[in-house]
1. Could you tally the net charge around His142, taking each other residue with its Cβ under 13 Å from the Cβ of His142, Lys/Arg +1 and Asp/Glu -1?
2. With a 4.7 Å Cβ cut-off, tell me which Cys residues in the chain come up empty for a partner.
3. Give the order of Ile191, Ile34, Ile73 when sorted by the count of other beta carbons within 10 angstrom, beginning with the fewest.
4. List the pairs from Lys119/Lys161; Lys161/Lys183; Lys228/Lys277; Lys99/Lys183; Lys119/Lys342 whose alpha-carbon separation is above 28 Å, in the order I gave them.
5. Can you tell me which of Leu213, Leu290, Leu25 moves the most in a GNM of the chain? Springs connect C-alpha atoms under 10 Å apart.
6. Normalised by the residues of the stretch 112-210, what does the relative contact order come to in percent, with Cα pairs under 8 Å and at least six apart?
7. What's the center-to-center distance, using Cα atoms, between the stretch 235-259 and the stretch 109-169 in Å?
8. When only C-alpha pairs under 8 Å and at least 6 residues apart count, what is the relative contact order of the stretch 101-344, in percent?
Amino acid sequence: MSDFSTSLNEVSNEAALKELESEYLGKKGKLKAILAGVKDLSIEDKKTIGVKANEMKKQFITDLEKKAVEIEIAVFAQIEADEAIDVTVWYPSENLGHKHPISHASELLEDIFISLGFKIEDGPQVESEEFAFDKLNIPADHPARDVWDTFWISDDINKDKDIWDRLLLRPHTSPVQIRTMLKGELPVKIIAPGRVFRYEQEDARHTCNFYQLEGLVVGEGVTFGDLKWTLDTVMKQLLWEKTQLRFRPSIFPFTEPSAEVDVSCQICSGTGEVKWKKCSMCSATGWVELLWAGMVHPNVLEWCGIDHKKYSGFAFGMWIDRIAAQRFGVSSSRMFYQNKLKLNEQF
Ligand SMILES: [Zn+2]
């Protein structure tokens, strides 16, 4: 017994433990030999030695199991020590990058709208013609389609489809509003930020791919006053508290009445001048066109299964790129797409 205990104390790994187990409890082990000899003993000796031998066997097994657990714990402790990572070690952090100004502006807007009780909705960038145009009161022969002309999915895919089912890259995030209304859950209070595409001649304010944020509120008794309050509150929070909004009458197929919404220029504080020179951001007008808005057209509500006599709603949209330019004082929103590190690193 004491031999066994001494040997067990010296064991430090699994292989040695197996060897010891075999030495004592194996087919040709020491204990096996004792137990085998028991049958030749007198009845008296059988009782004492036999019982003793069996007790020893149980004790050996218990001790071996305990040692196995100790070895396992020691192995894992060693792995932990070998693979430890010092998170406080200094590592050069240059060029790790950060959020793009457009993402940053989008998240600022999302936070403001969420604080006003809006939910965020998302939708596919490849849309059907029906959701991108027809359901928004823009049928195939409507002149407004020219404004939103976009990139169509290849003829190979579209050639066998019905006219409403043809696929295109979405020219606005408005299809998300249609999808939300079709769910049939009222009231609706959502924003839909996302990427959109248009066939555009590129200049300082136009790119063929840009980011929009559109919003939609539908419920009982929703008015144009609610729309004005919402946009005024959001722009004051996003830009600064003295920001002014100017609504100009406009025409959109999906809203009636409709308005273009200008915001007082942040660069010249609406004065049109910066250091006694004309402000280039707003062409010295003091206003920058950032949003469009209006009351949802009854046709659009009806086609989405909403009773326009009982419910009304407003919708609005904004160019996140242009808002980012205003928020961060950048003179052209196109610069955000030119991968200029010197520009992006400033935010
Ligand atoms: Zn200005």
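1. -3
2. That list is Cys208, Cys304.
3. Ile73, Ile34, Ile191
4. Numbers: Lys119/Lys161 34 Å; Lys161/Lys183 25 Å; Lys228/Lys277 32 Å; Lys99/Lys183 33 Å; Lys119/Lys342 35 Å.
Violating the 28 Å limit, Cα to Cα: Lys119/Lys161; Lys228/Lys277; Lys99/Lys183; Lys119/Lys342.
5. Highest fluctuation among the options: Leu25.
6. 35
7. 23
8. Once normalised by length, the contact order is 21 percent.
The numbers here are math on the coordinates, done by the rules we state, and not lab data. Just so you know, these numbers come straight off a predicted model, no measurement behind them. With ideal geometry, Cβ positions are generated from the backbone for all residues, glycine too; neighbour counts draw on all protein chains shown.
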